[in-house]
1. For A:ILE131, go 7 angstrom from Cα along the Cα-to-Cβ vector, then report the distances to that same point in the other copies in nm, smallest first.
2. Could you state, as a whole-number percent, how many of the C-alpha pairs of chain A are farther apart than 19 Å?
3. Name the residue farthest towards the positive end of the dipole of the protein assembly as shown from the options B:LEU69, B:ALA113, B:GLY91, assuming +1 on Cβ of Lys and Arg, -1 on Cβ of Asp and Glu, about the Cα centre.
4. Suppose every K and R has +1 on its Cβ and every D and E has -1 on its Cβ; what is the size of the dipole of the protein assembly as shown about the Cα centre, in Debye to the nearest 20?
5. Evaluate Rg over Rh across segment A:14-80, taking Cα atoms for both radii and Kirkwood's formula for Rh.
6. Take every residue in peptide A:71-84, count the Cβ atoms of other chains within 10 Å of its Cβ, and give the average of those counts.
7. List the trypsin sites (Lys or Arg not before Pro) within segment A:39-82 that fall in a DSSP loop (any state other than H, G, I, E or B) and whose Cβ has at most 16 other Cβ atoms within 10 Å.
8. Looking only at B:LEU11, B:LEU120, B:LEU76, which one moves most when chain B is put into a Gaussian network model with springs between Cα atoms under 10 Å?
Number of protein chains: 2
Amino acid sequence: MAKRVDHIGILVSNLDEAIKLYEDCFGVEIEKIETVQEQGVKAAVLALAQGARLELLEPLPGSNMAKVLEKRGEGLHHITLEVDDVDKELGRLSERVELIDKKPRRGLEGMVAFIHPKSLRGVLIELCQKI
Amino acid sequence: MAKRVDHIGILVSNLDEAIKLYEDCFGVEIEKIETVQEQGVKAAVLALAQGARLELLEPLPGSNMAKVLEKRGEGLHHITLEVDDVDKELGRLSERVELIDKKPRRGLEGMVAFIHPKSLRGVLIELCQKI
């Protein structure tokens, strides 16, 4: 079962501009900035004082994420729920929903897996397990 | 400045079905179910063990939210950031972004105000102040 909302992913066309905007408006602090080639994004994790976080995602050229941005524009992209054991959760959930990832894979900060939004009322949910 | 992510709003066409789905998949617990006439929605707040929450929103017939659902379909709708003083934050933010609400108004659990998504990279952000 899910323990907490880990972060909310936000798709943007320009990471530096978006970071400045969120810093300026809401006082978030940059926790990390990293390129995740496997996911086709340059990502920034922005922390709020009490722990919940935002993640800004700028697609790498030619990636699937670049197509998503072109098609849908900037905006909310996914919710990440932290769990103790992604593999175990995938086993439990596979009977209930359609999985994008049948096995956990490396994410920005641990093992992750995505669930298909058509199974969850249009919401893309990522499960993450800290390692 | 924002203290924490209070909840993530998810627009759905049928609240009861969506609640069952999220209970079944992620072990969330129903914190409250309430109709907010002013916002044109029936809303359910679902809590996760460690405090972060999801909010499912089913539009009332004929409301603006019903038009949003018709146009965009189900999916992520907004992020809510908790602040100490919504009115003060609106004053500070009004120079930086376009506000939907120039003054705080009653929300599900306190005073709230929305910022226009075109100012925030396509993300609808709600500020909330607990009362």
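Read-outs throughout are calculated quantities, based only on the coordinates presented, and are distinct from any laboratory measurement. No experiment lies behind these values; they were computed from the predicted model shown. Glycine gets a Cβ as well: all are built from the backbone with ideal geometry, and neighbour counts include every protein chain shown.
1. Copy-to-copy label distances for A:ILE131: 4.8 nm.
2. Details: 4147 of 8515 pairs.
When all Cα pairs of chain A are counted, 49 percent exceed 19 Å.
3. B:LEU69
4. Charge dipole of the protein assembly as shown: 420 debye, to the nearest 20.
5. Numbers: Rg = 12.0 Å, Rh = 12.4 Å.
Here Rg/Rh amounts to 0.97.
6. 4
7. Nothing satisfies the criteria.
8. Highest fluctuation among the options: B:LEU120.
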